[in-house]
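Working notes, beginning with the structure itself.
Every number here is computed from the coordinates shown, using simple stated rules; none is lab data. Because the structure is a prediction, the values reported are computed rather than measured. Don't worry about glycine lacking a Cβ; one is built from the backbone with ideal geometry, like all the others, and counts go over all protein chains shown.
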Ligand SMILES: [Ca+2]
């Protein structure tokens, strides 16, 4: 028996401002994360923690900037940026285990109970500041947490939770397929609308020129 494929763990501690007076600590333990053809993500790949601040579900990602506080599709907000780390164990602590303080009031729409999700990008590294249409990504959230995970939602102010996302390759219960990046960033609707308007304009001009040419030929 040889060692298992290198385990990938991603853990972060985040202090998220829930109200002016209190914050919460969120730790994440992740298993293998893959691209769409089953290759494990390399160390340094960008991972985001996002929240469904309007409680209407996580929508498809739109082209967006990727700073903490930005929205990735209108109302799903980035709480924290992290990166894939490779290690032989399941516990890696970023920042020496010190919770990362985020500015109070930075997430004014965030409320206790908002669903949480992680998003990973096979083609972006942790220094990337934006994502374009067509980029692939994977996303995970659950209302039925396993392996000792807390609920994947914002806890009460002042409390700490541990979100776990462990695939079978890392001793967890989730199939490897749940860690595949099979989604793509879609263009914003208005981009499609603008393209359609532009195309109609060009066709109209061409048709007029064609008609003008036919008249002058007579
Ligand atoms: Ca949403």
Worksheet entry | Segments 30-37, 203-210 sorted - mean Cβ within 10 Å per residue, highest first | 30-37, 203-210
Worksheet item: Once the piece of chain linking residue 157 and residue 128 is laid out straight, how much longer is it, given 0.36 nm per residue of separation minus the C-alpha distance between them?
Response: 7.4 nm
Fill in: Förster radius 41 Å - calculated FRET efficiency between residue 37 and residue 108, Cβ distance, rounded to 0.05
0.55
Practice prompt. Given the peptides 52-65, 107-120, arrange them by the average over their residues of other C-beta atoms within 10 Å, most packed first.
Written response: 107-120, 52-65
